[in-house]
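Student: Here it is, the structure in full.
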Amino acid sequence: MIPAVSIDAALAALTDHWSPKVIGRVNDQYVKVAKLKGEFVWHRHDDEDELFQVIRGRLRIQFEDGSETLLSPGELCVIPRGVMHNPVADEECFILLIETVTTKHTGDVETPMTRSIAQQLA
């Protein structure tokens, strides 16, 4: 039997902001959940696209050209590889991410907020 995964339970188990947790894998993609609050870090993923879906709250994604996308619950946005972006949650926000297993958390930069894949799998 293949067990079901409760997204609500996975979100409720999160303790730290900006620290995604892997809840599943589809081929070469991880399915992750994260709790966000505040501003993250400007970064890009040179070789991977990244999908953000808002479960609760709102998420702004800022782009290098000065534009931004605002996501509400039930909405998603795919950030194409190579696009500089910065997620911002003015209020606490819960999201689902889909990322290739090779995707580094903070892409092309290393910060104290960076989480390794090992930390995301724990």
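The values are calculated or read from the model by the stated rules, or taken from the named source; none is laboratory data. No experiment lies behind these values; they were computed from the predicted model shown. Glycine also receives a Cβ, built like all others from the backbone with ideal geometry; neighbour counts cover every protein chain displayed. Ligands, DNA and RNA are stripped out before the accessible areas are found, and what is left, the full protein with its side chains, is counted by its heavy atoms. Shrake-Rupley method; radii C 1.70, N 1.55, O 1.52, S 1.80 Å.
Student: Looking at (1) over 18 Å from Ala118 (Cβ atoms); (2) β-branched (Val, Ile, Thr); (3) in contact (Cβ under 8 Å) with a residue 40 or more places away in the chain; (4) in a strand (DSSP E or B), can you tell me which one Val41 breaks?
Tutor: Here Val41 meets the rest and fails (4).
Student: Please pick out the residue among Arg60, Arg56, Arg44 that is in contact with a Pro (Cβ under 7 Å, 6 or more places away or on another chain) and open to solvent by 20 Å² or more (accessible area, probe 1.4 Å). Spell out the reasoning first.
Tutor: On the way: Arg60 fails: in contact with a Pro (Cβ under 7 Å, 6 or more places away or on another chain); Arg44 fails: in contact with a Pro (Cβ under 7 Å, 6 or more places away or on another chain).
So the residue among Arg60, Arg56, Arg44 that is in contact with a Pro (Cβ under 7 Å, 6 or more places away or on another chain) and open to solvent by 20 Å² or more (accessible area, probe 1.4 Å) is Arg56.
Student: Next question, about the same structure. Among the residues of the range 64-82, is there at least one that is surrounded by 19 or more Cβ atoms within 10 Å (Cβ to Cβ), hydroxyl-bearing (Ser, Thr, Tyr) and in a strand (DSSP E or B)?
Tutor: No.
Student: Still on this structure, I have one more. Would the range 24-35 turn up any residue that is touching a residue at least 12 places away in the same chain (Cβ under 8 Å), under 20 Å from Met113 (Cα atoms), open to solvent by 30 Å² or more (accessible area, probe 1.4 Å) and out of contact with any Gly (no Cβ under 8 Å at 6 or more places or on another chain)?
Tutor: No - not one qualifying residue is present in the range 24-35.
Student: Would you be able to say whether some residue in the range 98-112 is over 24 Å from Ala10 (Cα atoms) and assigned to a strand (DSSP E or B)?
Tutor: Scanning the range 98-112 turns up no residue that is over 24 Å from Ala10 (Cα atoms) and assigned to a strand (DSSP E or B).
Student: Now, a different point. Report, by residue number, each residue of the range 97-122 that is among the acidic types (Asp, Glu) and open to solvent by 50 Å² or more (accessible area, probe 1.4 Å). Explain how you work it out, then say what you get.
Tutor: Step one: list which residues in the range 97-122 are among the acidic types (Asp, Glu), which gives 99, 108, 110.
Hits for the range 97-122 are Asp108, Glu110.
Student: Please identify the pairs in which a residue from the range 60-88 that is free of Cβ contacts under 8 Å to residues at least 24 places away in the same chain has its Cβ atom under 6 Å from the Cβ atom of a residue that is open to solvent by less than 70 Å² (accessible area, probe 1.4 Å) and among the polar types (S, T, N, Q), counting only partners at least 6 apart or on another chain.
Tutor: These pairs meet every condition: Glu68/Gln62.
Student: With Ile61, Ile95, Ile55 as the choices, which residue is over 21 Å from Thr15 (Cβ atoms) and in a strand (DSSP E or B)?
Tutor: Ile61
Student: Taking the range 8-21, which residues are open to solvent by 30 Å² or more (accessible area, probe 1.4 Å) and not polar (S, T, N, Q)?
Tutor: Initially, the range 8-21 is screened for residues open to solvent by 30 Å² or more (accessible area, probe 1.4 Å), giving 8-9, 12-13, 15-17, 21.
Selection gives Asp8, Ala9, Ala12, Ala13, Asp16, His17, Lys21.
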